[in-house]
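These notes concern the structure reproduced below.
The values are calculated or read from the model by the stated rules, or taken from the named source; none is laboratory data. A quick note: this is a predicted structure, and the numbers were derived from the prediction, not measured. Cβ placement follows ideal geometry from the backbone for every residue including glycine, while neighbour counts extend to all protein chains displayed. Just so you know, the surface numbers come from the protein's heavy atoms only, side chains and all, with ligands and any DNA or RNA stripped out. Shrake-Rupley method; radii C 1.70, N 1.55, O 1.52, S 1.80 Å.
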Amino acid sequence: MVIEDGGGADRCFAELWRGGATIQVDFAAGDLDLSQADVVSWIHASAHSVAVFYGRFPVARARVVIEPIAGDSDSIHGTTWGGVGGFPAVTRVRLGQHVTKDALKDDWVMTHEFVHTALPDLPDDQHWMEEGLATYVEPIARAGTGRLTEERVWAEFLHEMHNGEPERGDRGLNETQTWGRTYWGGAMFCLMADVSIRRETNDRKGLKDALRAVVASGGGIDKDWPLSRVLQIGDRATGTSVLTDMYAKWSERPVPVDLVALWKELGVSAGPNNGVVFDAKAPLAAVRQSISASR
């Protein structure tokens with residue numbers, strides 16, 4: 001990693017996993033208790049997790065702008081855009097002045113934002129796919145590089161996935177743009193797609209293979225592709241029609257999921273302190289392990 005002076009604002013260049021991608025980090029005016037090296041290390045670790053998950057970092061060049069929030073102790077907020085200022089992806093992170101190294105170590109925001117770089121920009125009614133995918137992939141990607149345990153991945157899914165279930169009056173995901181349906185409804189779509197692909201392929205393929213194929217085809221955030229193209233690329237990569245078939249159903253009408261039965265099949269149950277207990281003899285225990293296994 002090479003850190004260079006950007007001429008007024010400090011600018012850092014980080015060469016990522018397997019080469020091939022560069023992230024420019026700019027610090028806006030303001031004070032942070034953290035050193036710039038601490039922040040760059042956090043960005044690098046997050047980018048590394050995403051690069052490992054996708055087989056490469058999703059775009060060749062990205063920019064991260066760090067904006068300190070004076071007097072704030074714990075805020076970490078991110079937004080990512082495609083095709084801005086000559087960069088395929090630009091992420092703005094508003095970072096509290098007093099955020100600690102421990103908070104960065106446990107942070108999910110930066111990884112979530114980098115996952116956004118791996119999907120073309122979609123219309124507003126498909127925003128659930130963008131946010132749901134980032135919600136689903138982020139903990140799995142962090143587990144893949146040892147930044148999160150498998151127990152914590154499934155504890156989050158177990159305790160939060162129900163937020164994506166359709167409520168009375170809800171319609172399909174394209175038509176119901178509430179917080180729960182956008183983030184966790186989209187994540188539930190991804191989980192069910194992952195499990196379905198692995199069922200159909202005897203666990204030889206999963207959603208990761210579909211998503212890697214999209215990135216390999218150049219489908220980053222700076223592209224404006226129809227979602228149908230993304231799903232077709234993913235289905236070809238897995239040799240199934242899971243993504244296209246699920247989208248046809250889930251986008252237009254509410255699809256409830258029997259999460260109780262799903263957790264039992266995957267061998268996940270509630271444990272002490274909001275944790276989980278795994279059942280290695282569950283019918284889909286191997287699928288669960290394939291989804292979230294660390295590298």
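Looking at region 201-217, which of its residues are in a loop (DSSP other than H, G, I, E, B) and either farther than 12 Å from Ala118 by Cα or at pLDDT below 95 (or both)?
At the first step, the residues of region 201-217 found to be in a loop (DSSP other than H, G, I, E, B) are 201-206, 217.
The answer is Thr201, Asn202, Asp203, Arg204, Lys205, Gly206.
Given the conditions (1) part of a helix (DSSP H, G or I); (2) of a type in the set (Asp, Glu); (3) in contact (Cβ under 8 Å) with a residue 12 or more places away in the chain; (4) over 23 Å from Phe278 (Cβ atoms), report the number of the one that Asp194 does not fulfil.
All conditions pass for Asp194, except number (4).
Of all residues being assigned to a helix (DSSP H, G or I) and hydrophobic (A, V, I, L, M, F, W, C) in region 156-178, which is nearest to Trp128 (Cα to Cα)? Just the residue, please. Quick ask: steps written out before the conclusion?
Narrowing region 156-178 to residues assigned to a helix (DSSP H, G or I): 156-164.
Right, trim to hydrophobic (A, V, I, L, M, F, W, C) and you get 157-158, 161.
Values: Phe157: 17, Leu158: 20, Met161: 14 Å.
Of everything passing the filter in region 156-178, Met161 is nearest to Trp128 (Cα to Cα).
So which helices (runs of 4 or more DSSP H) are wholly in region 59-155 and hold at least 1 residues that are crowded, with 22+ Cβ neighbours inside 10 Å?
Details: elements: 101-105, 109-116, 127-144.
Where helices (runs of 4 or more DSSP H) fall fully within region 59-155 and carry at least 1 residues being crowded, with 22+ Cβ neighbours inside 10 Å, they are 109-116, 127-144.
Which one of these is of a type outside the set (A, V, I, L, M, F, W, C), open to solvent by less than 60 Å² (accessible area, probe 1.4 Å) and either modelled with pLDDT of 95 or more or touching a helix residue (DSSP H, G or I) at 6+ places or on another chain (Cβ under 8 Å) (or both): Ser228, Ser241? Lay out the reasoning, then the answer.
Values: Ser228 fails: open to solvent by less than 60 Å² (accessible area, probe 1.4 Å).
Selected residue: Ser241, the only one of Ser228, Ser241 that is of a type outside the set (A, V, I, L, M, F, W, C), open to solvent by less than 60 Å² (accessible area, probe 1.4 Å) and either modelled with pLDDT of 95 or more or touching a helix residue (DSSP H, G or I) at 6+ places or on another chain (Cβ under 8 Å) (or both).
Restricting the first residue to region 30-50 and requiring it to be modelled with pLDDT of 95 or more, which pairs with a second residue that is part of a helix (DSSP H, G or I) and surrounded by fewer than 22 Cβ atoms within 10 Å (Cβ to Cβ) meet a Cβ separation below 6 Å and a spacing of at least six or different chains?
Within 6 Å, the pairs are Asp38/Lys101; Trp42/Leu104.
I need the full set of residues from region 235-284 which are in a loop (DSSP other than H, G, I, E, B) and among the β-branched types (Val, Ile, Thr), in order please. Working first, answer last.
As a first pass, look at region 235-284 and keep what is in a loop (DSSP other than H, G, I, E, B): 239-241, 251-258, 267, 271, 275, 279-284.
Across region 235-284, the qualifying residues are Thr240, Val255, Val257.
Among the residues of region 210-225, what is the count of those that are aliphatic (A, V, I, L, M), over 18 Å from Cys190 (Cα atoms) and surrounded by 16 or more Cβ atoms within 10 Å (Cβ to Cβ)?
So the answer is 1.
In region 252-282, which residues are hydrophobic (A, V, I, L, M, F, W, C), open to solvent by 40 Å² or more (accessible area, probe 1.4 Å) and touching a residue at least 24 places away in the same chain (Cβ under 8 Å)?
Once the filter is applied, which keeps residues that are hydrophobic (A, V, I, L, M, F, W, C), open to solvent by 40 Å² or more (accessible area, probe 1.4 Å) and touching a residue at least 24 places away in the same chain (Cβ under 8 Å), region 252-282 yields Ala270, Phe278.
How many residues does region 156-182 hold that are hydroxyl-bearing (Ser, Thr, Tyr) and touching a His at 6+ places or on another chain (Cβ under 9 Å)?
Going through region 156-182, the residues hydroxyl-bearing (Ser, Thr, Tyr) turn out to be 176, 178, 182.
Next cut, touching a His at 6+ places or on another chain (Cβ under 9 Å) only: 182.
Residues that pass the stated criteria total 1.
Is at least one residue of region 252-268 modelled with pLDDT under 95 and in contact with a His (Cβ under 8 Å, 6 or more places away or on another chain)?
Within region 252-268, not a single residue is modelled with pLDDT under 95 and in contact with a His (Cβ under 8 Å, 6 or more places away or on another chain).
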